[in-house]
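One structure follows; several queries about it will come next.
The values are calculated or read from the model by the stated rules, or taken from the named source; none is laboratory data. Small disclaimer: the values here were computed from a predicted structure and weren't measured. Neighbour counts run over all protein chains shown; Cβ positions are idealised from the backbone, glycine included.
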Amino acid sequence: MALIIRENDELGAEDTVLVHMGAGAVQSMVNAAILNYTAYATLLGTGRGAFTVSTYAVTDAVPERTIVMKMRHGQFARVRVEALRAADFDVLATTEADEDDEVMRRLQQVHYDIVLPVAGDPVGEDPVPAPSSELLDELAQQAARLLEVAGMAERFNKYDLYKEDRP
């Protein structure tokens, strides 16, 4: 994955992002955060990474329906950026530059990463984390905390969007 940080592309407090909810969400987030760590180690040039999960901002140019229909997950929550920041989650503007699919390239314009904060230096000197049980537990706690923040927001199932198209 070739990851790029978009400079000067910060979301406002009132902007809405979509967070994956539902069965398996915590484990999906932990798995993604570990995979994303290495991409951030290269991107930041520090040899250190960041544990992040993907999210997408809903905009006029890229509406919610376009986003959720392209995702493999079925359940989402609409979360205001101000709620994420109030809970100490950073949101970074990022693009996965190696997307071939045209719709996914459009989605990359509104792709962001939510940073799962972890205490201390969980991976020591190794730029690629060998996830200890302590690290996995902490990431799971942070993912659950993110879901708790998202759970206070408006939840929906993408398949309900199909029902809206029917009389």
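Could you look through the range 72-101, keep only residues that are touching a helix residue (DSSP H, G or I) at 6+ places or on another chain (Cβ under 7 Å) and assigned to a loop (DSSP other than H, G, I, E, B), and pick out the one that is farthest from Ala39 (Cα to Cα)?
Filtering the range 72-101 for residues touching a helix residue (DSSP H, G or I) at 6+ places or on another chain (Cβ under 7 Å) gives 74, 76-77, 79, 83-84, 87, 89, 91, 95-96, 99.
The next check asks that each one be assigned to a loop (DSSP other than H, G, I, E, B); those that pass are 74, 87, 89, 99.
On the way: Gly74: 26, Ala87: 24, Phe89: 19, Glu99: 15 Å.
By that ranking, first place goes to Gly74.
So which residues in the range 59-75 are closer than 18 Å to Ser28 by Cα and without any contact (Cβ under 8 Å) to a residue 12 or more places away in the chain, if there are any at all?
Correct list: Arg72 only.
Identify all residues within the range 102-116 that are part of a helix (DSSP H, G or I) and not basic (Lys, Arg); write none if there are none.
Glu102, Val103, Met104, Leu107, Gln108, Gln109, Val110
Hey, another quick one. Could you run through the range 108-134 and say how many residues are surrounded by 10 or more Cβ atoms within 10 Å (Cβ to Cβ) and at pLDDT 80 or above?
13
Take the residues in the range 31-85 that are modelled with pLDDT of 85 or more, surrounded by fewer than 18 Cβ atoms within 10 Å (Cβ to Cβ) and of a type in the set (Ser, Thr, Tyr), then tell me which one is nearest to Asn157 (Cα to Cα).
Checked the range 31-85; the qualifying residue nearest to Asn157 (Cα to Cα) is Thr66.
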